[in-house]
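We did not get these values from a lab; they are worked out from the coordinates using the rules stated. Computed from a predicted structure; not experimentally measured. Here Cβ is always computed from backbone atoms with ideal geometry, including for glycine, and neighbour counts include all displayed protein chains.
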């Protein structure tokens with residue numbers, strides 16, 4: 001009798017669980033249910049823009065096709081995950097300490113967010129980079145896939161991306177800054193005015209003494 | 001009695017402001033020359049134009065009073081207080097036209113951040129900035145770190161009208177030698193020597209790291225200036241982390257410590273009186289304060305789940321601790337790591353250490369260790385008085401370049417500045433929170449601004465809210481001049497602008 005009296009409440013609980021389950025499935029990122037379809041057809045995006053390419057990995061692990069901005073705001077969820085990012089190589093190649101075969105490059109996001117991530121890679125992979133971004137150059141745009149560490153155990157806790165593959169998807173270019181004499185003219189004119197004022201001030205002060 | 005500024009006062013103040021604007025013009029000549037040498041033509045034309053504007057404006061201001069009298073204390077307060085904002089307004093012009101700032105206010109924020117050696121940057125696309133613009137950012141650190149007045153005095157720009165009042169009003173409390181000009185020259189000489197040595201070592205490290213010679217020289221110079229002046233700007237968006245160099249990080253720890261030592265104590269060491277340094281109240285307070293904070297910080301870091309390994313803790317944690325203590329703001333962890341990997345306790349400890357800063361009379365910001373030591377001594381004095389017979393006269397002394405008696409005036413000054421810093425932290429936090437930001441982040445940002453640290457966690461960003469940006473600018477300004485000068489100046493201007501008959505007279 002007691003069990004019968006509890007039956008409606010059990011039924012209600014069951015319905016609640018099912019509704020919650022259905023809701024969870026509905027809001028769950030679609031990439032979590034990705035099937036073995038071509039990558040280009042399967043770039044299901046969530047609101048955050050996070051994507052997965054399931055076709056690239058021989059095992060069952062995911063490769064997050066993410067952005068540098070997302071990695072720069074990553075929490076522990078992305079720690080030790082395989083990711084793929086695209087960015088502009090900036091600065092220069094920095095030698096890795098006590099590790100002559102490897103190096104560091106800085107990858108700047110190309111989505112305008114200004115985020116930068118440190119990429120640890122072998123020197124041979126970076127040979128394809130023809131320009132590093134600076135005032136005088138736009139760096140090569142590279143796609144890097146590898147393992148992201150929020151706290152890298154190999155590099156004393158730095159937040160980095162260990163590259164397995166690095167492909168240049170757009171070559172860099174020199175930025176040409178031409179010399180235009182007319183750009184100097186307002187400055188020269190004002191400089192003359194300033195120097196004349198300076199000289200006049202000196203004369204007037206000497207006159208008062 | 002409230003004394004108003006009369007027309008003559010305004011003319012004298014204008015004259016001296018003009019002299020300092022000429023200094024601003026000279027500052028812009030540095031990136032102009034570098035741009036010419038490196039063939040960066042657009043920055044060259046921009047700095048020539050802006051330097052010329054400053055030259056014309058400075059000279060016009062000097063015409064307000066051809067032969068000014070010696071500055072009195074009130075005039076000096078107004079000159080110093082206004083100079084920091086007037087120079088920032090001029091310095092913001094070339095930065096704005098670089099195209100790396102969303103608005104003029106952003107570039108003004110950057111120039112105030114540079115001049116006050118806060119080092120909290122909101123520049124866009126730093127990695128593509130010209131060398132000339134970078135040079136200007138670090139020139140601002142150098143001049144602001146040592147102080148406009150110190151630089152102007154050492155260059156003889158006040159032509160015999162140099163005044164101790166000007167020197168003191170720029171938050172320089174003590175003279176290394178009795179003569180103010182000689183003191184200023186000593187500060188400049190010592191700083192130049194230290195920066196030259198540090199630059200040399202840093203260039204070598206940068207070359208080993210793989211930078212090409214030109215970039216190694218420039219980066220070496222810039223990082224050295226930034227480290228010694230406890231500024232915090234770096235030429236790359238990843239701060240010191242960019243170089244992935246343990247030798248550089250260890251060396252910068254040393255440089256940041258050096259930058260947070262008072263020039264007076266450096267003078268004592270310079271003259272071989274090392275015992276004076278070790279006996280000083282600031283040194284002893286620093287040792288106690290850092291030991292205590294390091295212990296708590298280590299425990300707090302270990303309580304987190306990710307940053308627990310000893311090499312990571314030593315390399316990242318200790319560097320960040322020194323960076324926060326010296327109010328430099330260099331980073332070897334990302335901002336994201338500060339917020340997600342550091343435990344909340346460790347983050348709070350960093351904020352706490354940012355509040356105190358380094359020695360008074362150094363380039364470091366914050367409340368200053370001297371005041372912390374004085375407040376502690378005052379506490380000791382109070383306890384002693386309570387425990388002593390009523391007829392007893394309690395005398396508490398401290399060592400600061402000789403033995404001194406703790407007087408109510410010294411305690412009052414320390415307490416006043418301490419309270420004003422706390423008030424500023426609270427006001428900045430409230431404004432940050434009012435814009436819907438996380439309270440801890442808003443507090444951290446507020447402390448970072450007033451203490452001129454520069455470790456920012458994302459609230460201060462390109463194109464931030466107008467009023468929040470204004471509050472941060474004011475915080476950096478008042479924090480650098482340690483409140484009193486600014487408050488006195490504001491009261492003076494308010495009283496002078498108030499209609500006659502409304503100001504109470506005795």
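Below is a table of values for the structure above.
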| quantity | calculated |
| --- | --- |
| Spin-label model distance (nm) - residue B:391 vs residue B:413, 7 Å beyond Cα toward Cβ | 3.5 |
| Shielding by other protein chains, B:316-325, mean Cβ within 10 Å | 1 |
| Length-normalised contact order of the range B:184-277 in % [C-alpha pairs under 8 Å, at least 6 apart] | 23 |
| Shape call, the range B:317-438: gyration tensor on alpha carbons, a/c limit 1.5 | prolate |
| Equivalent-ellipsoid semi-axes of the protein assembly as shown, from the Cα gyration tensor, Å, largest first | 48, 34, 25 |
| FRET efficiency, residue B:303 to residue B:273 (Cβ-Cβ, R0 56 Å, nearest 0.05) | 0.85 |
| Cut-off 13 Å (backbone N to label point 7 Å along Cα→Cβ of residue B:344), residues of the range B:421-455 | B:439-441 |
| Taking the range A:66-174 and dividing mean pair separation by its residue count, relative contact order in percent (alpha carbons under 8 Å, at least six apart) | 28 |
| Stretch gain in nm, segment residue B:254-residue B:375, where the contour uses 0.36 nm per residue and the Cα spacing is subtracted | 40.8 nm |
| Neighbour-count order for B:429, B:117, B:407, B:234, fewest beta carbons within 10 angstrom listed first | B:407, B:429, B:234, B:117 |
| Cα gyration tensor shape of the range B:179-300, rounded if a/c is under 1.5, else prolate or oblate by comparing a/b with b/c | oblate |
| Packing-based exposure ordering (other Cβ within 10 Å, fewest first) of B:418, B:136 | B:418, B:136 |
| Order of B:27, B:449, B:252 - criterion: other Cβ atoms within 10 Å of each residue's Cβ, fewest first | B:27, B:252, B:449 |
| Rg/Rh ratio calculated on Cα atoms of chain B (Kirkwood radius) | 0.96 |
| Sites residue A:170 and residue A:208 - FRET efficiency at Förster radius 41 Å, r taken between beta-carbons, to 0.05 | 0.05 |
| Prolate/oblate/rounded call for the range A:66-174, Cα gyration tensor, a/c under 1.5 rounded | oblate |
| Relative contact order of chain B, defined on C-alpha pairs under 8 angstrom at six or more residues apart (%) | 18 |
| Cα centroid separation, the range B:52-80 to the range B:293-361 (Å) | 44 |
